[in-house]
Amino acid sequence: MGDPSACCLFLSPTSELTPTQNLHMSWNTARTKAGLAWFRVHEFRHQYASRMILDGNSDILAVSTLLGHSSVRQSKRYSYLTKSHMVE
């Protein structure tokens, strides 16, 4: 594998020679320092789906596929659509 620091963004806190296996501690520290203690990694999925539909003019099937959902119905909860978008 070579030098992990050359290819890994997050190194293990216990060994500088291996990549970290869990980002939870780093994520929790970063969001607390940013004043976003309520913000979970999962929130990015909501934002991604909404922006794809509203800004990217993607349809719900494309969003469903990219999020890896088994059905379009599952994806609908991630897409916060505006009324004007629904009319269009």
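Any read-out appearing in this document is the output of simple, stated calculations on the displayed coordinates, not a laboratory observation. Note that the coordinates shown come from a computational prediction; the quantities given were computed from them, not determined experimentally. Every residue, glycine among them, receives a Cβ derived from its backbone with ideal geometry; neighbour counts consider all protein chains shown.
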(message) At 7 Å along Cα-to-Cβ for each site, give me the label-to-label distance between residue 70 and residue 16 in nm.
(response) 4.6 nm
(message) Rounded, prolate or oblate, given the Cα gyration tensor of segment 26-78, with a/c below 1.5 counting as rounded?
(response) prolate
(message) What do you get for trypsin sites (Lys or Arg not before Pro) in segment 18-77 restricted to DSSP loop and a cutoff of at most 16 other Cβ within 10 Å of the site's Cβ?
(response) 40, 77
(request) Amide H neighbours of residue 11 under 5 Å, at least 5 residues apart or on other chains, H built in the peptide plane: list them. (result) 20
